[in-house]
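Heads up: the structure comes next, in structure tokens.
Values quoted throughout were computed directly from the atomic coordinates according to the rules given, and no laboratory measurement underlies them. These numbers were taken from a predicted model, which means no experiment stands behind them. Glycine gets a Cβ as well: all are built from the backbone with ideal geometry, and neighbour counts include every protein chain shown.
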Amino acid sequence: MKCLIVAAGQGSRLRDKGPLKPLVPIRGRPLIAEVIDRARRGGVDEFVVINGYRGDELRQALDGMAECEGVRVTHVHNAAWDRANGISVLSAKPFLDGPFLLTMCDHVLDPGINRLMVSLPARPDTVTLGVDFDVERMLNDPDDVTRVRCRDGRIEHIGKSIADFNAFDTGIFLCTPIMFDALESSQAEGEDSISGAMNTLARWHKAHVCDIGERLWIDVDDPVAYDKAERLMAQGLL
């Protein structure tokens with residue numbers, strides 16, 4: 001299975017750790033290398049990486065890693081990297097014509113989450129989001145995490161500011177090409193984000209959820225989250 005990784009943004013909140021977020025070292029290796037390794041351990045065998053800000057540097061670094069580790073990587077440049085993340089995902093449309101995982105370059109997941117998502121039964125014309133129902137576990141910033149309202153295995157609403165939520169978005173999706181249809185529809189309505197596309201899919205009754213259970217994950221988006229991730233990884237908990 002292929003995995004699409006969004007790695008186009010500037011990542012200014014991690015600037016103290018390194019000039020280019022996907023290449024910020026964590027436990028001695030670039031953050032994006034950690035994301036790729038965990039996805040491979042989950043069953044992914046090929047990657048499409050969306051670059052943007054300082055994209056040539058990321059491409060060069062990834063090509064070196066891919067050659068050393070035998071990883072297949074296709075690079076896609078998003079010139080509009082300063083817009084919402086749905087623009088990056090849509091730029092990969094020509095390279096993905098079947099089921100694929102979608103994740104972010106700064107979300108470090110228990111490899112079991114990747115395995116769980118890859119093992120899900122195929123549902124044509126749907127997108128399934130891995131969600132964390134333990135909303136009391138404060139590994140991630142509650143003011144920054146994307147919130148989800150789910151019912152009967154489907155998404156009803158998703159967004160950072162919704163008040164009536166019962167799960168968190170972990171940043172990993174099992175997609176089919178209907179994701180691109182939803183992105184195009186959402187963008188036509190003025191919403192460029194992945195969450196906007198997921199709300200469109202929810203209206204189409206095509207947005208499902210998968211409970212990750214007790215598995216851990218963290219969005220390494222700022223120095224506080226970075227320090228938490230390093231501690232969890234050092235303890236073998238993540």
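What number results when the radius of gyration of the range 12-95, computed over Cα atoms, is divided by 2.2 N^0.38 Å?
Numbers: Rg = 12.9 Å, N = 84, 2.2 N^0.38 = 11.8 Å.
This ratio for the range 12-95 stands at 1.09.
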### Message
Can you give me the convex hull volume of the Cα atoms of the range 48-137, divided per residue and expressed in Å³?
### Response
149 Å³
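Give, in nm to one decimal, the length gained when the segment between residue 54 and residue 77 is fully stretched (0.36 nm per residue of separation minus the Cα-Cα distance). If you can, show how the numbers build up before the last one.
Details: separation 23, 0.36 × 23 = 8.28 nm, distance 1.01 nm.
Using 0.36 nm per residue and subtracting the Cα-Cα distance, I get 7.3 nm.
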### Query
Quick one, which of (1) 30, 24, 18; (2) 27, 22, 17; (3) 25, 21, 18 is the actual semi-axes √(5λ) of the Cα gyration tensor in Å calculated for this model?
(3)
### Task
Sequence neighbours fewer than 8 away in the same chain don't count; with that in mind, list the lysines whose C-alpha is under 22 Å from residue 17.
228
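Order 64-76, 47-59 from most to least packed using the mean count of other Cβ atoms within 10 Å. Before the final figure, lay out each step's value.
Working: 64-76: 13.8, 47-59: 20.5.
Taking the mean over residues of other Cβ atoms within 10 Å, the ranking is 47-59, 64-76.
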### Summary
Counting only DSSP beta bridges fully inside the chain, the antiparallel percentage to nearest 5 is 50 percent
